[in-house]
Amino acid sequence: MIELLEKLCSLPGPSGCEDAVRDYIRAQAEPYADEIREDNIGNLMVFRKGRKQIDKTVMLAAHMDEVGIICKGYTEDGCVKFGFVGGVDPRVVIGRRVLFGKVRGVVGIKAVHLTTRAERQTMPKTSSLYIDIGASDKKAAEKKVPLGTYGVFDSDCVRFGDGMLKAKAIDDRVGCAAMLTLLREQPAVDTWFVFSVQEEVGLRGARCAAFALHPDICLVLEGTTAADLAEVDGAKQVCALRHGVVIPFMDRSTIYNQNLFETLRMLAERHEIAWQTKHRVAGGTDAGRIHLTRDGVLTAGLAVPVRYIHSPSSVAAVEDIQGMLELSRHFLDYLGDENHEF
């Protein structure tokens, strides 16, 4: 699964332009799928028959899109002015490499020795940043990177330290990789695997997919914020790497179904899978739209803790990634073996 995640993280897929990711996932899924649908907004919905049929429609969901940038204008000397696609802290992009298709660039800002003391004491605004693509003038920049061109961080996927992984877009290619792995090995029950679009700009794709499939039960697989750093105290750390898969009970978009939360916790303990929950109500996932669809959907979530999320250098622990995959598998097995009423 880790090799699959590395490949997925290397692909460009900002919100609204997930084509490369969708094409790769579709190619990987087709040999195993019983049905594949793509809707008008770009969601990829893959159905695979399980080892057992149950009387409920089961859906797993993860989003394909990542945060990125978009070209909004130019300077007279040929640099690109840009905006963010999704939630990005301007501080994490300064000096970083970016890609507009095959055009490389570097995010620049006025050199420190040219700034005033007041400027050095405030966070830079996006309007003060630019992307140097090596163009000779405005006309050349317009030709290389037309207005509205999407861009992503140009960041390699690297394994380092004691079982750590650094990459862009771990949020949420980690969920996509887990779902592809489960799809390939045949799930315990009939399952729809939904690879959604535009999560980072408002949970948009998931709303359409859930309406179309009308699931009874949904498990959302995600990457979630971890701030387990020395200068961050207590609950502000949210969750921590190497402490296991996160089973959230609440975030800013969802109060997760209590029975499903307890089921996931029970399965983790039964199978000796390390787990934790979030100690701070923060962030949101596609569950925020899924659980409100039609007459309501029983919805739960699992997540991998990710440091420096929404940056070119997100970091996750391989053991947490494997834990999410394993607990997802046991959840589907539980639905098939016990067909429990929720």
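The values are calculated or read from the model by the stated rules, or taken from the named source; none is laboratory data. None of these values were measured; they are calculated from a predicted model. Every residue, glycine among them, receives a Cβ derived from its backbone with ideal geometry; neighbour counts consider all protein chains shown. Keep in mind that these areas ignore ligands, DNA and RNA; they rest on the heavy atoms of the full protein, side chains included. Shrake-Rupley method; radii C 1.70, N 1.55, O 1.52, S 1.80 Å.
Based only on Cα atoms, what mean projected area does the convex hull of segment 231-342 have, in nm²?
Computed as one quarter of the Cα hull surface, the answer is 7.8 nm².
Compute the helix-to-body angle for 204-213: its Cα long axis versus the longest principal axis of the chain, expressed 0 to 90° and rounded to tens.
On a 0 to 90 degree scale, this one is about 20.
Can you tell me the relative contact order of segment 178-318? Whole percent, Cα pairs under 8 Å, sequence separation 6 or more.
In percent, rounded to a whole number, it is 32.
Once you have the Cα-Cα distance between Leu147 and Asp19, take 0.36 nm times their residue separation minus that, and quote the gain in nm to one decimal.
Separation in residues times 0.36 nm, less the Cα-Cα distance, equals 44.2 nm.
Just grab the label-to-label distance for Glu185 and Lys81, each label 7 Å out from Cα along the Cβ direction, in nm (one decimal).
Calculated label separation equals 5.2 nm.
How large is the helix-only mean residue ellipticity at 222 nm for the chain, computed as the sum of -39500 (n - 2.57) over DSSP H runs with n ≥ 4, divided by its residue count, in deg cm²/dmol to the nearest 500?
-8000 deg cm²/dmol
Using only the alpha carbons of segment 166-231, what is the convex hull's orientation-averaged projected area in square nanometres? Intermediate results must be reported in sequence, preceding the final value.
Working: hull surface 26.1 nm².
Reported value for the Cα convex hull: 6.5 nm².
Kirkwood Rh, segment 26-185, all Cα pairs: how many Å? Write out the running numbers ahead of the final one.
Values: mean 1/r = 0.0529 Å⁻¹.
One over the average 1/r among Cα pairs gives 18.9 Å for segment 26-185.
Would you calculate the convex hull of the Cα atoms in segment 220-259 and tell me its volume per residue in Å³?
It is 95 Å³ per residue.
I need to check one value: relative contact order of the chain, counting alpha carbon pairs closer than 8 Å and at least 6 residues apart, in percent.
About 23 percent, as a whole number.
At Lys72 and Lys102, where each label point lies 7 Å from the Cα along Cα→Cβ, what is the point-to-point distance in nanometres?
2.9
Write down the Å³ per residue value for the convex hull defined by the alpha carbon atoms of segment 1-81.
131
Which FRET efficiency, nearest 0.05, do His279 and Ser10 yield, Cβ-Cβ r, R0 35 Å?
The formula returns an efficiency of 0.60 here.
List the lysines whose Cα sits under 30 Å from the Cα of Lys166, skipping any in the same chain fewer than 8 residues away.
Straight-line reach from Lys166, under 30 Å: Lys7, Lys72, Lys81, Lys102, Lys110, Lys125, Lys144, Lys236, Lys278.
What would the Debye formula give as log10 I(q)/I(0) at q = 0.09, 0.11, 0.17, 0.21 Å⁻¹ for the alpha-carbon point model of segment 111-269, no solvent?
-0.52, -0.75, -1.35, -1.60
Can you tell me how much longer the chain between Phe211 and Asp228 gets when fully stretched, taken as 0.36 nm per residue apart minus their C-alpha distance, in nm with one decimal? Don't jump to the answer; show the numbers that get you there.
Working: separation 17, 0.36 × 17 = 6.12 nm, distance 3.69 nm.
My answer for the length gained is 2.4 nm.
With all protein chains present and a 1.4 Å probe, how do Lys72, Lys7, Lys168, Lys56 order by accessible area, largest first?
Reading off the accessible areas and sorting them downward yields Lys72, Lys7, Lys56, Lys168.
Quick check: residue separation of Leu292 and Arg51 times 0.36 nm, minus the Cα distance between them. What number comes out in nm?
Taking Leu292 through Arg51 to full extension adds about 83.8 nm, to one decimal.
For Cα pairs less than 8 Å apart in space and 6+ apart in sequence, what is the mean separation divided by the residue count of segment 60-111, i.e. the relative contact order in percent?
Taking the mean separation of contacting Cα pairs over the length of segment 60-111, I get 23 percent.
How long is the chain along each principal axis, judged by its Cα atoms, biggest number first, in Å?
So the extents along the principal axes, rounded to whole Å, are 66, 44, 37.
If I take R0 = 56 Å and measure r between the Cβ atoms of Arg252 and Ser136 in this structure, what FRET efficiency does the formula 1/(1 + (r/R0)^6) give, to the nearest 0.05?
The calculated FRET efficiency here is 0.75.
Please label the shape of segment 20-60 as rounded, prolate or oblate, based on the square roots a ≥ b ≥ c of the eigenvalues of the alpha-carbon gyration tensor (a/c under 1.5 means rounded; beyond that, a/b larger than b/c means prolate, else oblate).
Oblate, since a/c reaches 1.5 and b/c is not below a/b.
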